[in-house]
1. Going through region 94-121 one residue at a time, which ones are more than 19 Å from L151 (Cβ to Cβ) and in contact (Cβ under 8 Å) with a residue 24 or more places away in the chain?
2. For the condition closer than 21 Å to L245 by Cα and touching a Cys at 6+ places or on another chain (Cβ under 8 Å), what is the one hit in I207, I196?
3. Is at least one residue of region 23-32 at pLDDT below 80 and either in a strand (DSSP E or B) or small (G, A, S) (or both)?
4. Return the residues of region 101-124 that are out of contact with any helix residue (DSSP H, G or I) (no Cβ under 7 Å at 6 or more places or on another chain) and either buried (at least 17 other Cβ atoms within 10 Å of the Cβ) or of a type in the set (D, E) (or both); say none if nothing qualifies.
5. Given region 81-186, what strands (runs of 3 or more DSSP E) lie entirely inside it while holding 1 or more residues that are among the hydroxyl-bearing types (S, T, Y) and within 23 Å of Q28 (Cβ to Cβ)?
6. Is there a residue being within 21 Å of N165 (Cα to Cα), surrounded by fewer than 21 Cβ atoms within 10 Å (Cβ to Cβ) and modelled with pLDDT of 95 or more anywhere in region 74-95?
7. Listed residues A193, A138, A247; which is crowded, with 17+ Cβ neighbours inside 10 Å and at pLDDT 95 or above?
8. Restricted to region 232-243, and to residues that are closer than 16 Å to W204 by Cβ and either part of a strand (DSSP E or B) or under 17 Å from the mean Cα position of the chain (by Cα) (or both), which residue is modelled with the lowest pLDDT?
Amino acid sequence: MSGLKQGPLWDSIDMKTAITSLGNAGVQVTHGGHTFLIDAFYRGFVGVAASPWEGVKRIAKADAILVTHDHWDHFSPDAVAEASQRTGAVVIGPAPVISKLKGSLPVSSLLELEPAGRDRTGRYTGLRVEAAGLVVTAFRTLHSKAHNSYLVELLGLRVFHDCDNEHTEHFDVSALVNLDALMLCPWRGSGWADFIGAIRPRNWFLIHMTAAELDEHESGTFFADICEKEPMESIALRPGDRCELSASGAS
């Protein structure tokens, strides 16, 4: 891989976890012999979405490919279908994603998750399933008509990928305690700073960043026009960069 960055270490059982940026909001997570991908296959565009990391085409095995929504900078149907066939991964996503893959992949390789949305109190509700060795809770969050945020649990690891959710304030944060890794895009007005402060993840990753924004982050200027202060030290990876962590409570 093109780069290696050492992230904060968890302080319990020494099971290594590697998180690799695949470009834009795409990540690869490996833990305990398992691999899952989120928003890994898409089309890049200068000034909008960092180009996909070429190494994603060399991933030979994966348990699951999760897709948050069907926007072009998060989902390429042809690339996802090819990757599922190559890696053996089950594809998990909302209805618009799964509908675009029917006919290209067998039904056994597709899992449609359509969470209910918000409850009577205005909080996001989750839909929890077990698939491909993972426990996945999908939340119908606010961005497009069918946008999922995912909590993925695996052998003691808890990863939450919030993707393009524009309203973090609608979460019941008690559902997201003890997160080992949080991945989100810091949209203006999304309440992300208070959200991070409330759940206190062990590590949090900036995603959906252009090359210019990554440059700004490295120079310490990215948050100057978004938030007065960063609630915790963040990790921002360029496509192909990997962060190795040591998982807490893994078995």
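The values are calculated or read from the model by the stated rules, or taken from the named source; none is laboratory data. All of these numbers come straight from a predicted model, not from anything done at the bench. Positions of Cβ are backbone-derived with ideal geometry, glycine not excepted, and every protein chain shown enters the neighbour counts.
1. A95, P96, K100, L101, S104, L105, S109
2. Numbers: I196 fails: touching a Cys at 6+ places or on another chain (Cβ under 8 Å).
Unique residue meeting the criteria: I207.
3. No; the residues of region 23-32 include none that is at pLDDT below 80 and either in a strand (DSSP E or B) or small (G, A, S) (or both).
4. Filtering region 101-124 down to residues out of contact with any helix residue (DSSP H, G or I) (no Cβ under 7 Å at 6 or more places or on another chain) leaves 102-103, 106-108, 111, 113, 115-117, 119-121.
Hits for region 101-124 are L111, L113, P115, D119.
5. Numbers: elements: 90-93, 110-112, 126-131, 134-141, 147-154, 157-163, 181-184.
Here the list reads 134-141, 147-154.
6. Restricting attention to region 74-95, the residues satisfying the condition of being within 21 Å of N165 (Cα to Cα) are 74-76, 91-95.
Now drop any that are not surrounded by fewer than 21 Cβ atoms within 10 Å (Cβ to Cβ), which leaves 76, 95.
Narrowing the set further to residues that are modelled with pLDDT of 95 or more leaves 76, 95.
Taking every residue of region 74-95 in turn, at least one turns out to be within 21 Å of N165 (Cα to Cα), surrounded by fewer than 21 Cβ atoms within 10 Å (Cβ to Cβ) and modelled with pLDDT of 95 or more.
7. Working: A193 fails: at pLDDT 95 or above; A247 fails: at pLDDT 95 or above.
Sole residue among the options that is crowded, with 17+ Cβ neighbours inside 10 Å and at pLDDT 95 or above: A138.
8. S234
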